[in-house]
């Protein structure tokens, strides 16, 4: 699996529904997007991609995903060029994280200038540039640690019109160890019903109707337990 960089420059293309993508991903909804991959025909299904915002501040990594359809030709993304019949190369990407640069902090372009990421030219104006494996590994770790927004809802954000379910059955296996009643009887006969550590009297507190077990760890009254 290779890792590629996809570029977004707001000066060249106004992403009108960016906030909708961001909110959908934050709410755990699957989102797939078509994106230009420059002149590269090497991007394949299953490859990982990172989206970087360049051209205007804030600059940096703001989204990631997995390619679901490799490089293919389609009508150009620029409407003027599309009218002239020009084509461009694209990939389909299933997004797994998405931050809105206008609202959320993003992984700063300045951070990518550190030696860990020096093997990659980040200020390219063309999408579809492969990120070297060693750099991609470090970027993955930084991105996972950085992403402040996960796919969950805060309690106050839950939509009350949706059905919520609780009480699903779970099968849990545990070990239970039963006391030998004969051993317990012999123990009581020999040591009596008073705890030898704290002096708690089981017979006096529980009476004869309760099973007298000075070793019972469930007793809330025995101070040595």
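The values are calculated or read from the model by the stated rules, or taken from the named source; none is laboratory data. Bear in mind the structure is a predicted one, so any value in this text is a computation, not a measurement. Methodologically, a virtual Cβ is constructed for each residue, glycine included, from the backbone with ideal geometry; neighbour enumeration extends over all protein chains shown.
Quick rundown of the values:
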item	result
Counted residues, segment 106-138 - those being buried (at least 16 other Cβ atoms within 10 Å of the Cβ), at pLDDT 95 or above, assigned to a helix (DSSP H, G or I) and touching a strand residue (DSSP E or B) at 6+ places or on another chain (Cβ under 8 Å)	1
Condition met for residue 51 (under 18 Å from residue 8 (Cα atoms), touching a residue at least 60 places away in the same chain (Cβ under 8 Å) and crowded, with 17+ Cβ neighbours inside 10 Å)	no
Single match in 120, 126 (criterion: in contact (Cβ under 8 Å) with a residue 24 or more places away in the chain, assigned by TED's automatic domain parsing to the domain that holds residue 31 and touching a helix residue (DSSP H, G or I) at 6+ places or on another chain (Cβ under 7 Å))	120
Evaluation of residue 99 against (1) over 25 Å from residue 132 (Cβ atoms); (2) touching a helix residue (DSSP H, G or I) at 6+ places or on another chain (Cβ under 7 Å) (one fails), failing number	(1)
Residue in segment 9-30 that is under 18 Å from residue 139 (Cα atoms), touching a residue at least 12 places away in the same chain (Cβ under 8 Å) and outside any loop (DSSP other than H, G, I, E, B) present	no
Test: residue in segment 76-95 that is in contact with a helix residue (DSSP H, G or I) (Cβ under 8 Å, 6 or more places away or on another chain), at pLDDT 95 or above and closer than 15 Å to residue 4 by Cα	no
The listed residue being in a loop (DSSP other than H, G, I, E, B) and at pLDDT 90 or above, out of 103, 41	41
Flag if residue 26 is surrounded by fewer than 16 Cβ atoms within 10 Å (Cβ to Cβ), assigned by TED's automatic domain parsing to the domain that holds residue 90 and either at pLDDT 85 or above or farther than 12 Å from residue 65 by Cα (or both)	no
